[in-house]
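Working notes, beginning with the structure itself.
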Amino acid sequence: MAPNKIILRFGENTSDQPIIYRLVKDYDLVINILKANVNPNKEGTMVLELTGEKYEEGLGYLRDQGIRVQPLAEEVFRNEDRCISCGACTGICPTGALSLERPSMEVKFDSDNCIVCQLCVKVCPLKAMEVRF
């Protein structure tokens, strides 16, 4: 069973709750946290890969806790015709999905490691990084 990538959005009332623990213990889900952020107001987002037989029940638990759950239906695409391998995207990519291959100094994109944070889209001077829905 391939993992599903989802985005969780939560408020201050759930940021201090053991939600990941509950997903593992109560729903026997396998979780890979790809990205997590909690701001000073204790609001946050989390990007997860989630798999297991009780996947839907786990999502129901999250929703019952007031956590918004969205599938990660977007993907980042690298337009190789536009890309000049300037490397602007490689320094900002938090997961290493974008890297410079040595010695050729070509930008390489590993979409499996991409968490669709879209930072590369914002910094690319030639708009070679695009979001597809």
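The values are calculated or read from the model by the stated rules, or taken from the named source; none is laboratory data. None of these values were measured; they are calculated from a predicted model. Here Cβ is always computed from backbone atoms with ideal geometry, including for glycine, and neighbour counts include all displayed protein chains.
Annotations for the structure displayed:
- In region 71-88, the qualifying residues are those that are within 15 Å of the chain's Cα centre (by Cα) and loosely packed, with under 12 Cβ neighbours inside 10 Å, and the one that is modelled with the lowest pLDDT is ALA73.
- Boolean, GLY96 is farther than 23 Å from ALA128 by Cβ, touching a residue at least 12 places away in the same chain (Cβ under 8 Å) and in contact with a Ser or Thr (Cβ under 9 Å, 6 or more places away or on another chain): no
- The residues of region 89-126 that are surrounded by fewer than 13 Cβ atoms within 10 Å (Cβ to Cβ), over 20 Å from THR45 (Cβ atoms) and of a type in the set (Lys, Arg) amount to a single one, ARG102.
- Residues that are of a type outside the set (Lys, Arg), surrounded by 14 or more Cβ atoms within 10 Å (Cβ to Cβ) and out of contact with any Leu (no Cβ under 7 Å at 6 or more places or on another chain) within region 24-50 comprise VAL24, TYR27, VAL38, GLU43, GLY44, listed in sequence order.
- Close Cβ contacts (under 6 Å, 6 or more residues apart or on different chains) running from residues in region 107-133 that are more than 11 Å from ARG78 (Cα to Cα) to residues that are of a type in the set (Ser, Thr, Tyr) comprise ASN113/THR95; ILE115/THR95.
- Evaluating TYR61 against the criteria (1) modelled with pLDDT under 95; (2) in contact with a Lys or Arg (Cβ under 7 Å, 6 or more places away or on another chain); (3) surrounded by 14 or more Cβ atoms within 10 Å (Cβ to Cβ) leaves one unmet condition, (1).
- Region 10-23 - residue that is surrounded by 13 or more Cβ atoms within 10 Å (Cβ to Cβ) and out of contact with any helix residue (DSSP H, G or I) (no Cβ under 6 Å at 6 or more places or on another chain) and, of those, farthest from GLN118 (Cα to Cα): ARG22
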